[in-house]
Amino acid sequence: MLFDTHVHLNARQYAEDEEEVIKRAKTEGVSTMVCVGFDQETINGAIRIAEQYDFIYAAVGWHPVDAIDMTAEDLVWLEKLAEHPKVVALGEMGLDYHWDKSPKDVQKDVFRKQIQLAKKVKLPIIIHNRDATQDIVEILKEEGAHEVGGIMHCFSGSVETAKECIDMNFYISFGGPVTFKNAKKPKEVAIEVPLEKLLIETDCPYLTPHPYRGKRNEPAFVKLVAQQIAELKGITYEELAKKTSENAKRLFRIS
């Protein structure tokens with residue numbers, strides 16, 4: 001059975017057929033998912049879905065692109081939500097230097113505050129990184145993020161960076177890009193990352209794997225990610241599915 005560690009079923013792209021999408025995922029062997037909220041609207045959506053389906057959990061956090069919108073009240077709200085029985089992580093959080101909506105210093109401040117909160121409520125964190133690897137690694141070290149650990153979500157960095165993150169108690173998670181024909185680096189990293197530190201995800205509705213690239217992604221497609229990584233590592237699909245599911249359940253403390 002597969003564990004998709006990062007879905008956005010709370011996205012508007014599923015407003016018409018959420019139930020059918022979830023049924024398709026179950027049919028393809030997806031037994032567990034974490035629905036990720038990253039602002040007020042999507043956090044409320046993630047909680048709603050987690051309460052509705054016993055095999056779906058929620059992560060709550062503030063996206064770096066929208067860091068400028070986060071208030072002190074939002075941070076208090078996140079702390080309160082951390083007590084919810086279906087909330088298994090804080091995130092996604094991190095840094096995004098691709099978009100310029102939120103200044104870098106604001107992003108860093110909001111990122112640090114969320115790491116500090118995670119340590120307080122003892123939950124792992126889910127890291128969003130776009131064009132900001134060096135600053136993310138520095139902040140994780142400075143804030144002692146190894147105490148809670150977490151996920152480097154949709155990892156696109158180097159083998160060296162992956163090893164650095166693993167040393168800080170983080171799992172490396174791969175999504176659709178590892179299946180792209182021209183994705184040399186993710187494939188190299190997937191081969192090198194130890195099986196016990198590996199996770200899989202879709203980040204749906206984004207980053208759809210080959211051969212559906214360009215269409216809306218959905219949790220059922222995490223099977224394609226698992227098949228590709230199993231092939232790269234020279235192990236069976238069943239072994240990859242079993243191990244990544246065990247890893248995710250251990251991280252999120254899901255029995």
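Spelling out what I want: for every residue of the stretch 208-225, take phi, set θ = phi - 60°, compute 6.51 cos²θ - 1.76 cosθ + 1.60 (Karplus), and round to whole Hz; glycine and proline get x.
Result, ordered by residue: 5, x, 5, x, 9, 3, x, 9, 5, 7, 8, x, 4, 6, 5, 4, 5, 5 Hz.
Quick check: residue separation of Arg12 and Lys122 times 0.36 nm, minus the Cα distance between them. What number comes out in nm?
So the extension gain works out to 36.5 nm.
How much length would be gained if the chain were fully extended between Met168 and His98, taking 0.36 nm per residue of separation minus their Cα-Cα distance, in nm to one decimal?
That pair, Met168 and His98, stretches by 22.7 nm at full extension.
From the phi of every residue in the stretch 119-134, what ³J(HN,Hα) in whole Hz does the Karplus formula 6.51 cos²θ - 1.76 cosθ + 1.60 yield, where θ is phi - 60° and glycine or proline is x?
5, 5, 9, 6, 10, x, 10, 10, 9, 9, 9, 9, 6, 9, 3, 4
For n ≥ 4 DSSP H runs only, could you compute -39500 (n - 2.57) per run for the chain, divide by its residues and tell me the 222 nm figure to the nearest 500? Please report the intermediate quantities before stating the final value.
Working: 9 runs with 107 residues, N = 255.
For the chain, the value works out to -13000 deg cm²/dmol.
State the answer as a single residue: which of Ala118, Ala11, Gln227 lies farthest towards the positive end of the charge dipole of the chain, with beta carbon charges of +1 for Lys and Arg and -1 for Asp and Glu, about the Cα centre.
Result: Gln227.
Please give me the summed charge of the neighbours of Tyr212: other residues whose Cβ is under 12 Å from its Cβ, Lys and Arg +1, Asp and Glu -1.
Neighbour charge sum, excluding Tyr212 itself: +3.
Past 26 Å, Cα to Cα, is the threshold; run Lys119/Lys233; Lys108/Lys243; Lys120/Lys233; Lys184/Lys223 against it and keep the listed order. Don't jump to the answer; show the numbers that get you there.
Working: Lys119/Lys233 34 Å; Lys108/Lys243 34 Å; Lys120/Lys233 37 Å; Lys184/Lys223 20 Å.
Over 26 Å Cα-Cα: Lys119/Lys233; Lys108/Lys243; Lys120/Lys233.
For the ranges 203-213, 227-237, what's the packing order if you count other beta-carbon atoms within 10 Å of each residue, average per peptide, and put the highest first?
Per-residue Cβ counts within 10 Å, averaged per peptide and sorted highest first, yield 203-213, 227-237.
Taking θ = phi - 60°, what integer Hz values does the Karplus form 6.51 cos²θ - 1.76 cosθ + 1.60 yield along the stretch 29-45, in sequence order, with x for Gly and Pro?
x, 7, 9, 8, 9, 10, 8, 9, x, 9, 7, 4, 5, 6, 5, 4, x
Return the loop-located trypsin sites (Lys or Arg not before Pro) in the stretch 56-137 (DSSP other than H, G, I, E, B) with at most 11 other Cβ atoms within 10 Å of their own Cβ; answer none if there are none.
For trypsin sites (Lys or Arg not before Pro) across the stretch 56-137 that sit outside H, G, I, E and B with at most 11 neighbouring Cβ atoms in 10 Å, the list reads Lys122.
Read-outs: derived from the displayed coordinates by stated rules, not from any lab. All values derive from a computational prediction rather than experimental measurement. Every residue, glycine among them, receives a Cβ derived from its backbone with ideal geometry; neighbour counts consider all protein chains shown.
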